[in-house]
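Student: Take this structure first; my questions come after.
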Amino acid sequence: MSVINTQIKPFRNMAFKEGKFIEVTDEAVRGKWSVFFFYPADFTFVCPTELGDVADRYAEFQKLGVEIYSVSTDTHFTHKAWHDGSDTIRKIRYTMIGDPTGTLTRNFDVMREAEGLADRGTFIVDPQGVIQAVEITAEGIGRNASDLLRKVKAAQYVAAHPGEVCPAKWEEGAATLKPSLDLVGKI
């Protein structure tokens, strides 16, 4: 079942952020744009490249009013240890949520039950807590923070401009479309 256009489900998880352990809840993320960035496990191979890529672009997400939440089924303690031990992960300033019970991972429907690990799932969530975009890739396929930024900008544009849509490869400032009977068969 698709989670597009559904409300995020209730959750309460511990996380590591900027040297502190914090609690993150579904209520706390409402009111601003969010990206939930699920990955299989700390201390692995593709995962740190993805998390580092997002860390390199974090300031750009922040300028858009977007908070990043990386999530794995590891604990918040493991996130701290990884943060302390890896140059790539040390540059992360966003929230790293621990989900050892798998509740949050199951809420977003990306749990690999047989392994107890999350799939590579990316979710753009609007300020009302509604999932606007989803990307899920196989274990060996890493994601791209530049394209994630583009998708966030498109989601924000569409939310701010009812009746307009962003075509393929849309970039900020480019033309959008206004679906109408006049456009049918003309694109």
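The values are calculated or read from the model by the stated rules, or taken from the named source; none is laboratory data. These numbers come from a predicted model, not from an experiment. Backbone-built Cβ (ideal geometry, glycine too); neighbour counts: all protein chains shown. Surface accessibility is based on the protein's heavy atoms, side chains included, excluding ligands, DNA and RNA. Shrake-Rupley method; radii C 1.70, N 1.55, O 1.52, S 1.80 Å.
Student: Can you find a residue in the range 97-115 that is surrounded by fewer than 19 Cβ atoms within 10 Å (Cβ to Cβ), assigned to a loop (DSSP other than H, G, I, E, B) and of a type in the set (Lys, Arg)?
Tutor: The answer is no, given that none of the residues of the range 97-115 is surrounded by fewer than 19 Cβ atoms within 10 Å (Cβ to Cβ), assigned to a loop (DSSP other than H, G, I, E, B) and of a type in the set (Lys, Arg).
Student: Another question, if that's okay. Show the residue pairs meeting these rules: Cβ distance below 6 Å; 6+ apart or different chains; first residue within the range 154-178 and free of Cβ contacts under 8 Å to residues at least 60 places away in the same chain; second residue basic (Lys, Arg) and surrounded by 12 or more Cβ atoms within 10 Å (Cβ to Cβ).
Tutor: Glu172/Lys153
Student: Within the range 48-61, is there a residue that is closer than 21 Å to Gly102 by Cβ, more than 15 Å from the chain's Cα centre (by Cα) and not small (Gly, Ala, Ser)?
Tutor: Looking for residues that are closer than 21 Å to Gly102 by Cβ, more than 15 Å from the chain's Cα centre (by Cα) and not small (Gly, Ala, Ser), one finds none in the range 48-61, hence no.
Student: Also, I was wondering about something else. Kindly establish whether Thr49 is of a type in the set (S, T, N, Q) and under 17 Å from Thr88 (Cα atoms).
Tutor: Working: of a type in the set (S, T, N, Q): yes; under 17 Å from Thr88 (Cα atoms): yes.
Criteria met by Thr49.
Student: Which of the following residues is at negative phi, touching a Gly at 6+ places or on another chain (Cβ under 6 Å) and either assigned to a loop (DSSP other than H, G, I, E, B) or open to solvent by 30 Å² or more (accessible area, probe 1.4 Å) (or both): Ile141, Ile92, Ile136?
Tutor: Unique residue meeting the criteria: Ile136.
Student: For a quick check of your reading: which strands (runs of 3 or more DSSP E) sit entirely within the range 1-44 and have at least 2 residues that are buried (at least 20 other Cβ atoms within 10 Å of the Cβ)?
Tutor: 12-17, 33-38
Student: Give all pairs with beta carbons closer than 9 Å in which a residue from the range 126-151 that is without any contact (Cβ under 8 Å) to a residue 12 or more places away in the chain meets a residue that is in a strand (DSSP E or B); count only pairs at least 6 apart in sequence or on separate chains.
Tutor: Hits for this filter: Asp147/Glu135.
Student: Restricting the search to the range 57-76, which residues are in contact (Cβ under 8 Å) with a residue 60 or more places away in the chain and within 23 Å of Leu117 (Cα to Cα)?
Tutor: Thr75, His76, listed by residue number.
Student: Quick one: which residue in Asp53, Asp42 is touching an Asp or Glu at 6+ places or on another chain (Cβ under 8 Å) and not basic (Lys, Arg)?
Tutor: Of the residues listed, the single one that is touching an Asp or Glu at 6+ places or on another chain (Cβ under 8 Å) and not basic (Lys, Arg) is Asp42.
Student: I'd like to check something: does the range 149-164 contain any residue that is buried (at least 16 other Cβ atoms within 10 Å of the Cβ), modelled with pLDDT of 95 or more, in contact with a Ser or Thr (Cβ under 6 Å, 6 or more places away or on another chain) and not acidic (Asp, Glu)?
Tutor: no
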